[in-house]
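The values are calculated or read from the model by the stated rules, or taken from the named source; none is laboratory data. These numbers were taken from a predicted model, which means no experiment stands behind them. Cβ placement follows ideal geometry from the backbone for every residue including glycine, while neighbour counts extend to all protein chains displayed. What goes into the accessible areas is simple: the full protein's heavy atoms, side chains included, and nothing from ligands, DNA or RNA. Shrake-Rupley method; radii C 1.70, N 1.55, O 1.52, S 1.80 Å.
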Amino acid sequence: MEYPFVSVVVGIRNEERYIEECIESLLRLDYPQDSYEIIIVDGMSTDKTRDIVKKYPVRLLLNERKNVAAARNLGVENSRGNFVAFTDGDCKVDPLWLKTLVDEMKSAPEDVACVGGPNLIFDTDPVFGRVVGHAQETFLGSGGSAQSKNSTKKHYVGSLPNCNAMYKKYTIKEAGYFDERFVVGQDGDLNYRINKRGHKFLYIPEAKVLHHRRGTLKSFSIRMFKYGMWMAELFKKHGEFVRWYAFLPSIAIVFAVLSLIVSLISPAPIVPLLALMALYFVLVLVTSIQVTYKMKSKYGFFALFVIPVQHITYGLGFLYSFANSLFLSKARSLSGIFDA
């Protein structure tokens, strides 16, 4: 069987803890060694990441812009393959990962631009990270994203996160590459533009990648705030919601605040607010039970706290983005008046 040449691109920054595991898993792929290359794009790491990378037979590129979008663009520009596969520096790929993606791409209809698989959890990760990971596999934690909930069926999806995805390279170029303004959500933006050109994304459950879940409550909250902020930027860029559930946390926050303010004058809004809060608590409780069952641990009930934190910080980030845009718009208007 003839295998096409594939360029595997990994954008990293300060990944000394996991990059060795990532590279070794890529070197052990069940795929002809002369039919793929590994391109590591380092965002000017300040730890020992580059020293570790240099020990392996991979291509190392330096990304002075540091962000992931720039890393992926640099990788694509320097790639030799007509197919470009992406994963992250804190991931470990299954030995059959690349072969599975290639086989599925070759047998897929011509309009399929990208194939990818599940984003699995390491059982050895810290408890908090595993709770977050399993919570985000649920409907309440992911909005039903196929890759987040790790569906077991092959089917078309709207987008595939780039911790586990392989593209036809020309579709990335035609869509204008990754938008380097986006600190997070750059893969969603690119996928949206590729999709608008008539291409499709195919989820393959057998193409497995393990992804380390890290962080503390503080770092998780900051990450979700930034994610909400950049999802709002995606909306402002494209004029429509990239994901149907993107605005729900923000609407809930605004409704709760307005209800509490109005309740100072009239108690009428309190009843529907309490009813919605009770419904939300039931949904979070059911989700926590799901997480506890998956983890087979009482720590799964931490999801009772993790999920509301995710929704609140995401919603605040979303609102912050719009408030910031409104403030800048008013500031420009006032500046124009004074200049005149």
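Ordering Tyr36, Pro308, Gly117 by the projection of their Cα atoms onto the charge dipole of the chain, which places +1 on the Cβ of Lys and Arg and -1 on the Cβ of Asp and Glu, puts Pro308 at the extreme positive end.
Only beta bridges with both residues in the chain are counted; by DSSP, about 35 percent of them are antiparallel. Axis angle, to the nearest 10 degrees, between helix 186-196 and the longest C-alpha principal axis of the chain: 80 degrees. Computed from phi, the 3J(HN,Hα) profile of the stretch 93-108 under the Karplus parametrisation 6.51, -1.76, 1.60 (θ = phi - 60°) reads 8, 5, x, 8, 3, 5, 4, 5, 4, 5, 4, 5, 5, 5, 8, 7 Hz, with x in place of Gly and Pro.
Does the stretch 1-148 come out rounded, prolate or oblate, given a ≥ b ≥ c as the square roots of the eigenvalues of its C-alpha gyration tensor, rounded meaning a/c under 1.5 and, failing that, prolate meaning a/b above b/c? Display every interim value, and only then the final one.
On the way: a/c = 1.57, a/b = 1.04, b/c = 1.51.
In terms of gyration-tensor shape, oblate.
The slack between Tyr3 and Lys236, meaning 0.36 nm per residue of separation minus the straight C-alpha distance, is 79.8 nm.
Per-residue surface analysis assigns Glu110 an accessible area of about 140 Å², computed on protein heavy atoms at 1.4 Å probe radius.
Proximity of backbone amide H atoms, modeled 1.01 Å from N, is registered between Val41 and Val10, Gly11, Ile12, Leu61 at under 5 Å, excluding neighbours fewer than 5 places apart on the same chain. Only lysines eight or more places from Lys208 in sequence, or on another chain, were considered; those with a Cα closer than 24 Å are Lys92, Lys99, Lys106, Lys149, Lys153, Lys154, Lys168, Lys169, Lys200, Lys294, Lys296. Between the alpha-carbon centres of the stretch 31-77 and the stretch 196-242 there is a gap of 22 Å. In vacuum, with every alpha carbon of the stretch 130-276 counted as one equal point scatterer, what does the Debye formula give for log10 I(q)/I(0) at q = 0.15, 0.17, 0.20 Å⁻¹? Two decimals, please. The Debye formula, applied to the Cα set alone, gives -0.91, -1.10, -1.38. What angle do you read, to the nearest 10 degrees and between 0 and 90, between the alpha-carbon axis of helix 68-77 and the longest principal axis of the chain? Once rounded, one gets 30 degrees. In a Gaussian network model over the chain where Cα atoms closer than 10 Å are linked, find which of Ser266, Ser151, Ser45 has the largest mean-square fluctuation. In this elastic network of the chain, the residue with the biggest mean-square fluctuation among Ser266, Ser151, Ser45 is Ser266. The GNM of the chain, with springs linking C-alpha atoms under 10 angstrom apart, assigns the highest mean-square fluctuation among Ile270, Ile23, Ile172 to Ile270. Since only Gly198, Ser107, Ala165 are under comparison, the one whose Cα sits farthest along the positive direction of the charge dipole of the stretch 102-210, derived from C-beta charges on Lys, Arg, Asp and Glu, is Gly198.
Each helix, a run of at least 4 DSSP H residues, gives -39500 (n - 2.57); summed and divided by the residues of the chain, these come to -15500 deg cm²/dmol at 222 nm.
Suppose we take every Cα in the chain and form the convex hull; what volume per residue is that in Å³?
Details: hull volume 56.9 nm³, N = 340.
Output value, Cα hull per residue: 167 Å³.
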